[in-house]
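Below is one structure; the comments refer to it alone.
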Amino acid sequence: METLVSTWSRTAQILPENYVFPAGERPGSVEVPLCQNIPVIDLSQDQEKSQSQRVQEILAACQEFGFFQVINHGVSEDLIDDTMKMAKDFYDMPIEEKAKVYSTDRSKSCRLFTSTYSYDNEKFHFWRDNMRHPCHPLDKCIHLWPEKPTNYRNIVGKYSLEVRKLSLRILELIREGLGLEDGYFGEELTGDQILSVNHYPSCPDPSLTLGLPKHADFNVITVLLQGSVCGLQVYRNGEWLGVEPIPHAFVVNIGHQLEIISNGKLRSAVHRAVTNSQEARTTIVNFISPLLDTIVEPAKSMVDNSVPLYRTFKFKDFLKFFQEKKGDTEAVMEAYKIKP
Ligand code: OGA
Ligand code: NI
């Protein structure tokens, strides 16, 4: 428990040595320019835009950036606010209460921990605490969730269902854009849904440390609620750019599975999280992934006129390899590429 950044950072005047990254990996100034051209896509149904326009917009964003934001997405603003409050309240609870969820046992599906999966083997730790749990199907996993704060299960349960609906709607637009057959993104490819609540306390020296390393997501699609505090950065044309917090918008990014399914047509963008010295930052991340035994490969229709770029694999094996490589995205994707 005492390793959690949120338990000791309030009184920390200086950054402990094992949070100071080597010179080449430090963010330096965290005041990077905001990325001006990450697409912001309006998903409202009752406007002029036709379904095919929405499909084109989303597909272009997935191809060009691998990142976009959605607004007017149908998830109620009150539910978003309530869920963010629950997430913050969770980290504000007394240590005894958080201790009920804290665990270093990686096999526990609902747990609170700090930094990454491999705290004990890390040279440097990341300035973040994380609480995560599965959320689909809801009735099979809600009993695993934290019992406190009061109402956590109720509010976050509703939120998980809404965000799942939205994720599947976005995947449906992508499916249409890629020309994949009806029902392509069924339970096999989307049946795993993890809610991950990141907490980055305010930090005595954000220029020397990171909240999350440079990585791309391992899954199919990620739908992230950034709240109002800057900290998410995306790597583009050799520089780090900030992703603007837009109230009640979701940040969506393409994971490696979708990159592979699309035979490289869609890209999963490299991103990271930095900290700041002013205020704590809490983000709520929804990872949609294949079931562990699902076989993933480039969709047949995506390779019709070309060769598959990636080999076929079981998702479980990909995940294991990804974790072994500690999110070294390039090495992972290189290993799954078919060599000519
Ligand atoms: C993640 C992630 C960014 C953030 O959890 O994979 O990229 O801003 N999070 O919390
Ligand atoms: Ni990520």
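The values are calculated or read from the model by the stated rules, or taken from the named source; none is laboratory data. Keep in mind that this is a model prediction, so the values were computed, not measured. Cβ sites come from the backbone with ideal geometry, for glycine too, and all protein chains shown count toward neighbours. Quick note on the areas: whole protein, heavy atoms, side chains included, nothing else; ligands and nucleic acids left out. Shrake-Rupley method; radii C 1.70, N 1.55, O 1.52, S 1.80 Å.
Karplus-based coupling profile of the range 88-101, in residue order and whole Hz: 5, 4, 4, 6, 7, 5, x, 4, 4, 6, 5, 4, 5, 9, with θ = phi - 60° in 6.51 cos²θ - 1.76 cosθ + 1.60 and x standing for Gly or Pro. For Leu34, the residues whose amide H sits under 5 Å from its own are Gly242, ignoring neighbours fewer than 5 places away on the same chain, with H placed 1.01 Å from N. Excluding Leu173 itself, calculate the net charge of residues whose Cβ lies under 12 Å from the Cβ of Leu173, where each Lys or Arg counts +1 and each Asp or Glu counts -1. Here the charged neighbours net out to +1. Return the carbon/sulfur percentage of the accessible area of the range 21-125, one whole number, probe 1.4 Å, all protein chains in place. Taking all protein chains in place, the range 21-125 shows 47 percent carbon and sulfur surface.
Free of any GluC sites (Glu not before Pro) that DSSP assigns to a loop and that have at most 14 other C-beta atoms within 10 Å, the longest stretch within the chain is 182-278.
Using a cut-off of under 20 Å, list every residue of the range 94-130 whose amide N is near the label point 7 Å from the Cα of Glu147 along the Cα-to-beta-carbon line. The answer is 94-104, 108-113, whose backbone nitrogens lie closer than 20 Å to the label point.
With every protein chain left in place, what is the accessible area per residue of the chain in square angstrom, probe 1.4 Å? Working shown, then result.
Numbers: 15560 Å² over 340 residues.
In whole numbers, the chain has 46 Å² accessible per residue.
Which is farthest toward the positive dipole end of the range 30-335 among Gly157, Gln56, Leu79, measuring Cα position about the Cα centre, with Cβ charges +1 (Lys, Arg) and -1 (Asp, Glu)? Toward the positive end, the furthest listed residue is Gly157. Separation between the Lys123 and Ser29 pseudo-spin-labels, each 7 Å from Cα along Cα→Cβ, expressed in nm? Distance between label points: 2.8 nm. For the chain, the longest principal axis of the Cα atoms and the long axis of helix 152-178 meet at an angle of about 30 degrees. Can you list the residues of the range 86-124 with backbone N under 18 Å from a point 7 Å past the Cα of Asn18, pointing along Cα to Cβ? Taking a point 7 Å out along Cα→Cβ of Asn18, the residues of the range 86-124 whose backbone N falls under 18 Å are 103-106, 113-124.
Evaluate the Debye formula for the range 1-112 with equal point scatterers sitting on the alpha carbons, no solvent, and hand back log10 of I(q)/I(0) at q = 0.17, 0.24 Å⁻¹, in q order, two decimals. Here the Debye-derived log intensity ratios amount to -1.08, -1.23. Lys-Lys pairs in the range 216-340 that are eight or more residues apart or on separate chains and whose Cα atoms lie under 15 Å of each other come to 4.
What percent do you get for the relative contact order of the chain when only Cα pairs under 8 Å and 6+ apart count?
Numbers: 658 pairs, mean separation 73.8, N = 340.
Averaging sequence separation for qualifying contacts and normalising by length gives 22 percent for the chain.
In whole percent, and with a 1.4 Å probe on the protein chains, what portion of the accessible area of the range 254-325 is carbon and sulfur? Display every interim value, and only then the final one.
Details: 1510 of 2990 Å².
Here carbon and sulfur together make up 51 percent of the probe-accessible area.
Count charges around Val251 for me, please; just the other residues with Cβ under 12 Å from its Cβ, Lys/Arg as +1, Asp/Glu as -1. Residues near Val251 contribute -2 overall.
So which chymotrypsin sites (Phe, Trp or Tyr not before Pro) in the range 1-109 end up in coil per DSSP with only 10 or fewer other C-beta atoms within 10 Å? Numbers along the way, then the final one.
On the way: sites: Trp8, Tyr19, Phe65, Phe67, Phe68, Phe90, Tyr91, Tyr102; in loops: Phe65.
Counting only loop positions with at most 10 other Cβ atoms within 10 Å, none of the chymotrypsin sites (Phe, Trp or Tyr not before Pro) in the range 1-109 qualifies.
A simple spin-label model places pseudo-atoms 7 Å from Cα toward Cβ; at Glu187 and Met1 they are separated by 3.9 nm.
Helix 315-324 versus the longest principal axis of the chain: what is the Cα-based angle in degrees, 0 to 90, to the nearest 10? Orientation of helix 315-324: about 40 degrees from the principal axis. Residues of the range 109-142 with an amide N closer than 18 Å to a point placed 7 Å from the Cα of Asp293 along the Cα-to-Cβ direction: 137. Summing +1 for each Lys or Arg and -1 for each Asp or Glu among the other residues whose beta-carbon sits under 10 angstrom from that of Ile260 gives 0.
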